[in-house]
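Single-structure report; data block below.
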Amino acid sequence: MSNPNFMKYERPSVTADVVLLRTVDAENDSNRKNSNKKLQVRLYKRKEEPFIDKWSIPGGFVNIDKTIEEIAKAKVKEKVGYDNIFLEQLYTFDNIERDSRWRVISTAYIGIANQNSKFTNPTDCESLWFTIDGDTLVCEEIPLKLNASDLAFDHYEIIKKAIERIQNKIFYTDIAFNFVTETFTLRELQNVFEAILGHNIDNFRRTMKDKVVSTQKTIEGKAHRPAELYKKK
């Protein structure tokens, strides 16, 4: 039997938002502490109010017949064209005034794309990868700041929370392995760690000795030297 008092309570809307991250090869730059990999976030430009023409992380309202995670995956595919990505729930953002339209609560996720993540170019959304450099997001000639002026809603807070979360858990969890393919070189994995942390790591092989195992296979490395392939234990 339905509760007669249920309808007297106001009901907020719920959204799913995703901070989609990847690491990519970087050009050598003496001004960067780490010149091997860059951490990037995928944004799309909004086509409607509020925040029309502002850059935003992919997301949308939760339908009555879908789970929040299902909506998160669907919106990533719709808004920025990525499918088959790793998702991990990040945080619930519930500031009362975070959306000017009405009361909206967001469940945010960290999404990670690796080299095998499937990509389809969205037909009706402009989306780009932005390199994270401190409090600045850079894509060609489009520099953005991680603040309320340059990004839609409170998405700058969500991005900051996602970066902080990954940095804090990168050594005691296996989350970094989602940035690489099933087999990888130790240099590729180290580049991921250094891109996320923003600094070089000494004795990386020793740090990873209990987390990886050799596949007994090699690929051609730099200067045509064979590089050993590893996989996660």
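Numbers below:
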quantity	calculated
Sum of side-chain charges, VAL212 neighbourhood, beta-carbon under 14 Å (Lys, Arg +1; Asp, Glu -1)	+4
Separation of the GLU49 and LYS231 label points, Cα + 7 Å toward Cβ, nm	5.5
Highest-fluctuation residue, GLU78, GLU140, GLU164 considered, GNM on the chain with Cα pairs under 10 Å	GLU140
Gap separating the Cα centres of region 134-172 and region 177-191, nearest whole Å	23
Partner lysines for LYS160 [C-alpha distance under 22 Å; skip if fewer than 8 residues away on the same chain]	LYS33, LYS37, LYS38, LYS45, LYS54, LYS73, LYS75, LYS79, LYS145, LYS169
The chain - percent relative contact order, Cα under 8 Å, separation 6 or more	20
Charge context of VAL24, other residues only, Cβ under 10 angstrom, K/R +1, D/E -1	+2
Estimated FRET transfer efficiency (LEU128, GLN216; beta-carbon r; R0 30 Å; 0.05)	0.15
Cα gyration tensor, region 113-185 - rounded (a/c under 1.5), prolate or oblate	oblate
Cβ-defined net charge surrounding ILE110, 15 Å radius [Lys, Arg +1; Asp, Glu -1]	+2
Translational D in µm²/s for the chain (Stokes-Einstein at 37 °C, 0.692 mPa s, Kirkwood Rh from C-alpha pairs)	170
Equivalent-ellipsoid semi-axes of region 37-93, from the Cα gyration tensor, Å, largest first	19, 17, 11
Gyration tensor (alpha-carbon) shape descriptor, region 40-138, a/c threshold 1.5	rounded
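We did not get these values from a lab; they are worked out from the coordinates using the rules stated. Keep in mind it's a predicted model, so treat the numbers as computed, not measured. Here Cβ is always computed from backbone atoms with ideal geometry, including for glycine, and neighbour counts include all displayed protein chains.
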